[in-house]
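Bear in mind that the values in this text are calculations on the coordinates, not laboratory data. The structure presented is a predicted model; accordingly, all values stated were derived computationally and were not measured. Ideal geometry is used to build each Cβ from the backbone, glycine not excepted, and the neighbour counts take in all protein chains shown.
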């Protein structure tokens, strides 16, 4: 299976929002250029994001400073992508 993950740091971020804040948080996420894919979900999590960042320091800063600071975000789970040797 081929992946579109690049050479920097990539991650999947799952977000829980305050009830009724999903659309507001989703619209704020669109302003973050490192978010290359985003989906609203039904189930345990409210939003799915895929991030491609320069490095893990950049990734950490975006999750902590840009995503978790959005009004309506209750919690996040960050899953970093492991490199696959070919």
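For residue 66 and residue 32 in the same chain, what is the full-extension length gain: residue separation times 0.36 nm, less their Cα-Cα distance, in nm?
11.5 nm
Can you compute the helix-only [θ] at 222 nm over the chain? Use -39500 (n - 2.57) per DSSP H run of at least 4 residues, normalise by all residues, nearest 500 deg cm²/dmol.
Calculated at 222 nm, the ellipticity per residue is -4000 deg cm²/dmol.
How much FRET efficiency would the formula 1/(1 + (r/R0)^6) give for residue 56 and residue 21, where r is the Cβ-Cβ distance and R0 is 41 Å, rounded to 0.05?
Computed FRET efficiency for residue 56 and residue 21: 0.90.
Please work out whether the chain counts as rounded, prolate or oblate from its C-alpha gyration tensor, where a ≥ b ≥ c are the square roots of the eigenvalues and a/c under 1.5 means rounded, while otherwise a/b larger than b/c means prolate and anything else oblate?
Verdict is prolate for the chain.
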